[in-house]
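Worksheet: the structure to be examined is printed underneath.
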Amino acid sequence: MTAFKTIRARAEKRKGGPKALAKLLPAKPDPKALARLGDDRILAEMTKRVFCAGFAWSVIESKWPGFEKAFLGFKPGPLSLKPDEFWDELMKDTRIVRNGAKIMSVRANASFVRDIAKEHGSFGKFLANWPSSDEAGLLELLAKRGSRLGGNTGQMMLRFLGWDGFVTSRDVVLCLRDAGLDIAETVTSKRDLAKVQAQFNAWAEETGLAYVQLSRICALSIGENYSADKLESMLGGDE
């Protein structure tokens, strides 16, 4: 496998040097801040990522105040106890995107967040205590116990919540394959995800960098070479 210093050097060259690259990297996530997140904010982010999947993010963002009102501020306890009639009415609510399967995922995920909070004190505390060296295990749990939280949706949810992990975006996977990792062009199997996890663990040990920073450097080292200024305006949680 290619040493990470080689990948970083390539990213620096593409972006105009070490200082230019550093400006494009996210800060190291703060587990204490994650642990303080309210369960309502966890469920809100879950919902936003579910609705953004396969849909224009700008539309979801523009309608988000309506989502907050329609879903009662995303308080998991009250939402999980709402009767069928409440959810039926949401199917006709113009304040939100009226996708039945995604609306019902909020009901399921409200119960999921509530149950995890009962087990660990809060969902944020649960995430803060889960090691970055086992993102694969966390993603499996999200897929099994949550609703529509598998794959990239779960990864993006974790990223936007401030959990320290990688994202298997197109460019990150391209970087990994270019570095010598034998994985498919789209990472969907447990086998490939385990390989990605092991490689990021090795790079984290090699560099001391946060996983979100390793992931971003990977993405910036290959693929479409946008200017540093354009990337600064574009980059959020995605890569």
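Key figures for this structure:
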quantity: Hits in segment 127-147 - residues which are surrounded by 15 or more Cβ atoms within 10 Å (Cβ to Cβ), in a loop (DSSP other than H, G, I, E, B) and not polar (S, T, N, Q); calculated: W130, G146
quantity: Qualifying position, being open to solvent by less than 60 Å² (accessible area, probe 1.4 Å) and at pLDDT below 95, among G124, G150, G100; calculated: G150
quantity: Inter-residue pairs, beta-carbon under 7 Å, first within 18 Å of E206 (Cα to Cα) and at pLDDT 95 or above and in segment 5-18, second polar (S, T, N, Q) and assigned to a helix (DSSP H, G or I), 6+ apart; calculated: none
quantity: Some residue of segment 222-236 being out of contact with any Ser or Thr (no Cβ under 9 Å at 6 or more places or on another chain) and at pLDDT 95 or above; calculated: yes
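The values are calculated or read from the model by the stated rules, or taken from the named source; none is laboratory data. As the structure is a prediction and not an experimental result, all values here were calculated from the model. Methodologically, a virtual Cβ is constructed for each residue, glycine included, from the backbone with ideal geometry; neighbour enumeration extends over all protein chains shown. Quick note on the areas: whole protein, heavy atoms, side chains included, nothing else; ligands and nucleic acids left out. Shrake-Rupley method; radii C 1.70, N 1.55, O 1.52, S 1.80 Å.
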